[in-house]
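Have a look at the structure below, then the notes.
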Amino acid sequence: MASLRDIKSRITSTKKTSQITKAMEMVSAAKWNRGVMNAKAFVPYMEKIQEVTASIAMGSKDANHPMLTSRPIKKTGYLVITSDRGLAGAYNSNVLRQVYQTIKNRHKSNDEFAIIAIGRVGRDFFQSRGMNVVLDIIGIADQPSFSEIQDIASNTVGMFSDGTFDELYIYYSHYISAISQEVEEKKLLPLTNITASTKLTSYEFEPNAEEILEVLLPQYAESLIYGALLDSKASEHAARMTAMRNATDNAKELINSLSLSYNRARQAAITQEITEIVGGAAALE
């Protein structure tokens, strides 16, 4: 049985841990609130560029671009978004588990796929398993700007254009609510399923649809990546907030349990001392 000193030491250390997890929960809550606002604020832009792109691509007979055309699949690209650190519950593991199983089911060798990793956890996961990571980025801010990921977004789109891979899927954690996130899989390239959420608008443009799409389609694909990153960041902060809240609650339960054990042990020690005194007094009579 643990001594009173050992139990008291465990209570003290657990209280300090609960203070840390409570502080981390509060920090994550503030980041989560901003992350959700950023993700929602990007939606109108995303909807508008999707509407314009769909209107030009679907409304013009002259519209023709490699990013709109399917081709024989020799290699598949996977853009995977994770965080740079843990302590976020199952946020990272759910995404990585689904991507890993998908790759194992679809491909027989590393030559058949390429991975673009956003986040240290994902990069380290795939590299430790000898999988083909062709591009990675770490150190993205908790509230990322487009300029931070513009290079990797444009490089990713460029890899499709130059034939490094023939299709691209993106995997990330989609934000639903503070306590609910789910892994999202989207086919990013080629853009064969562009649809607008509203009725298509007829635009007058010049010089021609093909030249406009040459500029617009890469921007649209890059905005899809950025939108997924904002969504993923909101999920990350929500998952970390929930994980830290659960850790704090568990610490409080452990403190209550240890306090009960401490009081029982202390009571037993007092009872033992009284028994010894009474026994000693009786022996003197």
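Only the coordinates and a few stated rules stand behind these numbers; no lab work does. As the structure is a computational prediction, the values presented were derived from the model and not from experiment. Because the Cβ atoms are built from the backbone with ideal geometry, glycine has one as well, and the counts that use them run over all protein chains shown.
Provide the percentage of antiparallel DSSP beta bridges, counting only those with both residues in the chain; round to the nearest 5.
Counting only bridges with both partners in the chain, antiparallel ones make up about 40 percent.
In nanometres, what is the gap between the two model label sites at Ile274 and Asn193, each 7 Å from Cα along Cα-to-Cβ?
The modelled label-to-label distance comes out at 7.4 nm.
Check the straight Cα-Cα distances from Lys252 and name the lysines below 27 Å, setting aside those fewer than 8 residues away within the same chain.
List returned: Lys8, Lys15, Lys16, Lys22, Lys31.
Would you indicate which of (i) 122; (ii) 198; (iii) 152 is the value of volume of the Cα convex hull per residue in Å³ derived from the coordinates of this structure?
Only one listed value fits the structure, namely (iii).
Please sort 182-190, 84-92, 142-150, 118-126 by packing, taking for each peptide the average over its residues of neighbouring beta carbons within 10 angstrom, highest first.
118-126, 84-92, 182-190, 142-150
I want the local charge near Thr242. Using Cβ-Cβ distances under 12 Å, sum +1 for each Lys or Arg and -1 for each Asp or Glu among the other residues.
Once positives and negatives cancel, what remains is -1.
So how do Lys252, Lys233, Lys104 line up by other beta-carbon neighbours within 10 Å, fewest first?
Neighbour counts put them in this order, fewest first: Lys104, Lys252, Lys233.
What's the exposure ranking of Tyr45, Tyr171, going from fewest to most Cβ atoms within 10 Å?
Placing the least packed residue first, the sequence is Tyr45, Tyr171.
Could you work out the helix-only [θ] at 222 nm for the chain, with each DSSP H run of four or more residues adding -39,500 (n - 2.57) and the total divided by the number of residues, to the nearest 500 deg cm²/dmol?
-22000 deg cm²/dmol
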